[in-house]
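Asker: To start, I am sharing the structure in question, which I have written as structure tokens.
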Amino acid sequence: MSYLDELFSVAGKTALVTGAATGIGRMAATGLIQAGANVMIASRKGAECEKTAEELNALGGAGKAEGFAGDVSSEEGVLALAGEVKKRTDKLHILINNAGVSWGEPFETFPYHAWARVLNVNVTGLFHLTRELVPLLEKAASHEDPARIINLGSVMGTQPIADGAYSYTASKAAVHHLTRTLAIELAERRITVNAFAPGPFQSRMTAFATKTDEQAARIGSRVPMGRIGAPDDIAGATLYLCSRAGSYVTGAILPLDGGQSVQHGMKLFKD
Ligand SMILES: NC(=O)c1ccc[n+]([C@@H]2O[C@H](COP(=O)([O-])OP(=O)(O)OC[C@H]3O[C@@H](n4cnc5c(N)ncnc54)[C@H](OP(=O)(O)O)[C@@H]3O)[C@@H](O)[C@H]2O)c1
């Protein structure tokens, strides 16, 4: 095995990526499968997850995908999903808490129920699924090669941009904080906990603004690096955090945003 292969290898590892039939979850799952991991994909639409798994298996990577239904919006859903995972494996090296929902509406009419709906999936589901799967992660974890958790935060959880998605931005700030508290909680069990804080990527959630090339270019022009995110931006960060290369990183909120988190409009002394 080459130096690079050994340092960044995830070959033979078992992963669960929630919400990976589409968008960012699919980008992370693709990277893991291409690099030799066995990846379970679960979201509410089980048939879509099965179809995505078939498509990812057809790419010819060294790993394998398996898709099935799982809903993280309720306690029963989380327990059922954890049960499905336990049926398929007795240890889990990687958990990517990617499932997420949003709600956008003006401040004046933002509905009461859009808080519970968003927080249930993005925060409560993430915490409880993690807790249910910690025993499996612990079984895969070692001092030299910890088990890995990656949570999906957002640049909107770091910067005060609401864009009408009030409960969403608050949920992502909560994900960042929970990531840090879980990182310290789980360190002694040899499980790392980090978060991605992406800027704009094409997905079902952002289709309203990024679907066409023209839309993507317009949104990308606002990003310091001049483009929206690409699938390998997610795949590369996933392989880093899930391989030996990332085994000493925990509690990090990794900006994957082309510089948006350091963007500002301030001017001090120079014009
Ligand atoms: N795209 C971006 O620009 C961006 C930026 C920052 C952060 N993020 C975060 O990245 C993550 C992925 O989002 P995305 O942008 O890729 O959007 P997406 O394509 O809409 O993906 C979200 C996924 O979550 C799944 N999901 C929703 N509710 C669920 C539930 N109750 N149980 C299980 N799965 C559920 C959906 O599948 P089902 O409908 O089948 O359940 C869907 O596949 C989210 O956490 C999002 O907040 C995205």
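Asker: Please indicate, with yes or no, whether at least one residue in the stretch 121-134 is within 12 Å of the ligand (Cβ to nearest atom), surrounded by fewer than 23 Cβ atoms within 10 Å (Cβ to Cβ), under 18 Å from the mean Cα position of the chain (by Cα) and among the charged types (D, E, K, R).
Answerer: Within the stretch 121-134 (the criterion being within 12 Å of the ligand (Cβ to nearest atom), surrounded by fewer than 23 Cβ atoms within 10 Å (Cβ to Cβ), under 18 Å from the mean Cα position of the chain (by Cα) and among the charged types (D, E, K, R)), the answer is no, since none of the residues qualifies.
Asker: Note down all Cβ pairs under 8 Å where the first residue falls in the stretch 83-104 and is farther than 18 Å from Ala141 by Cα and free of Cβ contacts under 8 Å to residues at least 60 places away in the same chain, the second is near the ligand (Cβ under 8 Å from one of its atoms) and part of a loop (DSSP other than H, G, I, E, B), and they're at least six residues apart or on different chains.
Answerer: Glu84/Gly70
Asker: Restricting to the stretch 188-222, and then to whatever is farther than 20 Å from Ala21 by Cβ, outside any helix (DSSP H, G or I) and away from the ligand (no atom under 11 Å from the Cβ), can you tell me which residue is nearest to the chain's Cα centre (by Cα)?
Answerer: Filtering first and then ranking leaves Asn194.
Asker: Turning to a different aspect of this structure: Do any residues in the stretch 235-256 that are more than 20 Å from Val155 (Cα to Cα) have Cβ atoms under 7 Å from those of residues that are among the aromatic types (Phe, Trp, Tyr) and assigned to a helix (DSSP H, G or I), where the two are at least six apart or on different chains, and which pairs are they?
Answerer: Listed pairs, sorted by first residue: Gly246/Tyr240.
Asker: Continuing with this model, one more query. I'd like the full set of residues that are more than 8 Å from the ligand (Cβ to nearest atom) and basic (Lys, Arg), limited to the stretch 5-61.
Answerer: Within the stretch 5-61, Lys13, Lys51 meet the criteria.
Asker: Taking Phe269, is it more than 12 Å from the ligand (Cβ to nearest atom) and free of Cβ contacts under 8 Å to residues at least 12 places away in the same chain? Talk me through it step by step, then tell me what you get.
Answerer: Values: more than 12 Å from the ligand (Cβ to nearest atom): yes; free of Cβ contacts under 8 Å to residues at least 12 places away in the same chain: yes.
It is true that Phe269 is more than 12 Å from the ligand (Cβ to nearest atom) and free of Cβ contacts under 8 Å to residues at least 12 places away in the same chain.
Asker: Sticking with this structure for a sec: How about the stretch 2-67: which helices (runs of 4 or more DSSP H) wholly inside it have at least 3 residues that are buried (at least 24 other Cβ atoms within 10 Å of the Cβ) and either among the hydrophobic types (A, V, I, L, M, F, W, C) or at pLDDT below 95 (or both)?
Answerer: Working: elements: 3-7, 23-34, 46-57.
The helices (runs of 4 or more DSSP H) meeting that bar are 23-34.
Asker: Now a separate question. Using the structure shown, decide if Ala147 is in contact (Cβ under 8 Å) with a residue 24 or more places away in the chain and touching a Leu at 6+ places or on another chain (Cβ under 9 Å).
Answerer: Working: in contact (Cβ under 8 Å) with a residue 24 or more places away in the chain: yes; touching a Leu at 6+ places or on another chain (Cβ under 9 Å): yes.
Yes: the conditions hold for Ala147.
The values are calculated or read from the model by the stated rules, or taken from the named source; none is laboratory data. All values derive from a computational prediction rather than experimental measurement. With ideal geometry, Cβ positions are generated from the backbone for all residues, glycine too; neighbour counts draw on all protein chains shown.
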